[in-house]
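The values are calculated or read from the model by the stated rules, or taken from the named source; none is laboratory data. Since this is a predicted model, take the numbers as computed values, not measurements. As a convention, Cβ positions derive from the backbone with ideal geometry for all residues, glycine included, and neighbour counts pool all protein chains shown.
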Amino acid sequence: MSRKIVKGAEAMAIAGKLAKPDVVPAFPITPSTTFPEKMSEYVACGELPNTEFVPVESEHSAMSAAIAASATGARTCTATSSQGLALMHEMLFIAAGMRLPIVLFDANRALSAPLNIWGDQQDSISERDAGWIHFYGENAQEGLDLMLMAFRVAEDKRVLLPTMVGIDGFVLTHTSEPVDVPEQKAVDDFLPQYKAEHCYLDPERPTTVGAFAPPEYYMETRYQLDEAVHSSGPVIDEVFADFEKRFGRKYSKIEYYGDRDAEVVFVAIGSLCGTLKDWIDEHRAKGQKVGLVRIIVYRPFPFKELKAALANAKIVAVVDRSISLGYGGPVFSELAAAFVNDAKRPLFKSFIIGLGGRDIKLNDFENIYNAASADLKAGKVNEKMHWVNINKEML
Amino acid sequence: MVTKITKGCVIYNSPTSLGNKTGGWRTMKPVVDEEKCKKCNICWQFCPDSSIEPADRKANKAIKINYDYCKGCGICAAECPFKAITMVMEEK
């Protein structure tokens, strides 16, 4: 293992390199561009002698090329962000429907309009229905590790699903951090060569891929895909455990931080949890109890783990860094729905934070905590959704 | 027999598409005048559905339409330099 100071997006490229993909089709878009830049550099410098880098003309083509490459049995990865992921939209569904284990690094960024290149999670959260596995890292190290694990999970014969790994744009992609880089040999052992069995190109064995399914078949294909995403859960646990054994860093679908018996518990995704943990430390130092559940695996949705982690919570402050316009926080709505049939369930309060790179500060969490605590004291949630740190004078 | 859905809907007993007789989609039907056919096979090159059996000059055999799969698009009739193919209304 070596320790390097790199920006988050480069850490993702290092993971991409360690995975030795056969094909990397990519189109640059801020703040993910470092990934294709570095991958093309590795290929050009002979560091990835068996990798083909395909500079395509759009993200739609990047995902199309990734699908085609993966359907021949090649290990394939790419990267994108924001509008790029949105442009891939239809192809994301195709990749999942064809059960192609493509790995994608998404530099989480806001969507236009207005044009904004900064961090939020709208892009990948909007693709939650596509049939991909979703991982979200809190820092560059997690991004690198999750990216490596994404290949292993995606290519597992029991899974065979495309997997995306998100880290927040700029706050992580463009911040330099110390990162432990695993040795190539150790990664090779953890991640053996992908040998496709269900789908590969071979003139000796002609197959039809991307076929047509009329109404008498289609629902079963969706049922099967939904089952596949749900049942990838145990494989993810297994891969996380094996990674910990080999590399010493522990991962789980969700992380619990703080007091287990806290009445007020935050739920959030991504880099903001780093700031939130600092606030929790300060808060606990004052003798007050508070907890955080950080979602690392968002698809399959970790129902069991979340229910167990929130068993003692009285009010859950769900902090979304994206929004389903006309409804509210996506994680809030899904989490609340997961508890809807339970006799004993906490109150849920929705907060929207940090859209389009708006700074997330310690004081924001103080305000969230106070709002949630006030609702808990009143015994009911008096406001459906709370926009954190919004300047109403501008409206 | 129930068709099992495979992972990713990959079809292993290809080519199953041969069982899908798309000729049923046709409203206009190409009819070949064997006297006029010069066996140039231009129609065969243009047919988007591989539904033309090529002509054979040595055997003096004109082109033949495979009505099981011909969708009646009329490209063959439009491309034929000798007007040897006419599109007529399909009547069943």
Open item on the list: For the range B:1-46, give me each residue that is more than 10 Å from chain A (Cβ to nearest Cβ) and touching a strand residue (DSSP E or B) at 6+ places or on another chain (Cβ under 6 Å).
Closed with: B:M28, B:K29, B:P30, B:V31, B:V32, B:C43, B:W44
Task: Failed item, numbered, when B:D49 is tested on (1) at pLDDT below 95; (2) away from chain A (no Cβ under 14 Å); (3) not in a loop (DSSP other than H, G, I, E, B) - done: (3)
- [ ] Give the residue, chosen from A:D242, A:D202, that is more than 10 Å from every other protein chain (Cβ to nearest Cβ), out of contact with any strand residue (DSSP E or B) (no Cβ under 6 Å at 6 or more places or on another chain) and surrounded by 13 or more Cβ atoms within 10 Å (Cβ to Cβ).
- [x] A:D242
Task: Those residues of the range A:87-97 which are more than 22 Å from A:L148 (Cα to Cα) and either in a loop (DSSP other than H, G, I, E, B) or within 14 Å of another protein chain (Cβ to nearest Cβ) (or both), in sequence order - done: A:F93, A:I94, A:G97
- [ ] Sort out which residues of the range A:75-133 are within 25 Å of A:A19 (Cβ to Cβ) and among the small types (G, A, S), and write them in order of number.
- [x] A:A79, A:S81, A:S82, A:G84, A:A95, A:A96, A:G97, A:A107, A:G119, A:S124, A:A130, A:G131
Open item on the list: Please count how many residues of the range B:46-78 are exposed (fewer than 14 other Cβ atoms within 10 Å of the Cβ) and either over 14 Å from the mean Cα position of the chain (by Cα) or free of Cβ contacts under 8 Å to residues at least 12 places away in the same chain (or both).
Closed with: 6
Task: Test: A:A336 is surrounded by 15 or more Cβ atoms within 10 Å (Cβ to Cβ), not in a loop (DSSP other than H, G, I, E, B) and not hydroxyl-bearing (S, T, Y) - done: yes
- [ ] Give the number of residues within the range A:52-74 that are in a loop (DSSP other than H, G, I, E, B), under 25 Å from the mean Cα position of the chain (by Cα) and of a type in the set (S, T, Y).
- [x] 1
Open item on the list: Kindly evaluate A:T275 against the criterion of being part of a helix (DSSP H, G or I), not aliphatic (A, V, I, L, M) and not assigned by TED's automatic domain parsing to the domain that holds A:A130.
Closed with: yes
- [ ] List the number of the failed condition for A:V103; all other conditions in (1) free of Cβ contacts under 8 Å to residues at least 40 places away in the same chain; (2) under 22 Å from A:E197 (Cβ atoms); (3) touching a strand residue (DSSP E or B) at 6+ places or on another chain (Cβ under 6 Å) hold.
- [x] (1)
- [ ] Collect the residues in the range B:10-27 that are in contact (Cβ under 8 Å) with a residue 40 or more places away in the chain and not basic (K, R), keeping them in residue-number order.
- [x] B:T22, B:G23, B:W25, B:T27
Task: Failed item in (1) of a type outside the set (V, I, T); (2) within 14 Å of chain B (Cβ to nearest Cβ); (3) buried (at least 20 other Cβ atoms within 10 Å of the Cβ); (4) in contact with a strand residue (DSSP E or B) (Cβ under 8 Å, 6 or more places away or on another chain), with A:A211 passing the rest - done: (3)
- [ ] Please state which of the following conditions A:A186 fails to meet, knowing it meets all the rest: (1) exposed (fewer than 15 other Cβ atoms within 10 Å of the Cβ); (2) in contact with a Phe, Trp or Tyr (Cβ under 9 Å, 6 or more places away or on another chain); (3) within 14 Å of chain B (Cβ to nearest Cβ); (4) of a type in the set (A, V, I, L, M, F, W, C).
- [x] (3)
Open item on the list: Restricting to the range B:22-33, name every residue that is modelled with pLDDT of 95 or more and loosely packed, with under 14 Cβ neighbours inside 10 Å.
Closed with: B:T27, B:V31, B:D33
TODO: Using the structure shown, decide if A:T221 is over 30 Å from A:D188 (Cα atoms), within 14 Å of chain B (Cβ to nearest Cβ) and in contact with a strand residue (DSSP E or B) (Cβ under 9 Å, 6 or more places away or on another chain).
DONE: no
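Quick check, is A:K157 outside any strand (DSSP E or B), surrounded by fewer than 23 Cβ atoms within 10 Å (Cβ to Cβ), more than 14 Å from chain B (Cβ to nearest Cβ) and not β-branched (V, I, T)?
Criteria not met by A:K157.
Looking at the range A:360-371, can you tell me whether even one residue there is among the polar types (S, T, N, Q) and assigned to a loop (DSSP other than H, G, I, E, B)?
No.
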Open item on the list: Being within 22 Å of A:R249 (Cβ to Cβ), of a type outside the set (A, V, I, L, M, F, W, C), assigned to a helix (DSSP H, G or I) and touching a residue at least 40 places away in the same chain (Cβ under 8 Å) is the requirement here; does A:G84 meet it?
Closed with: no
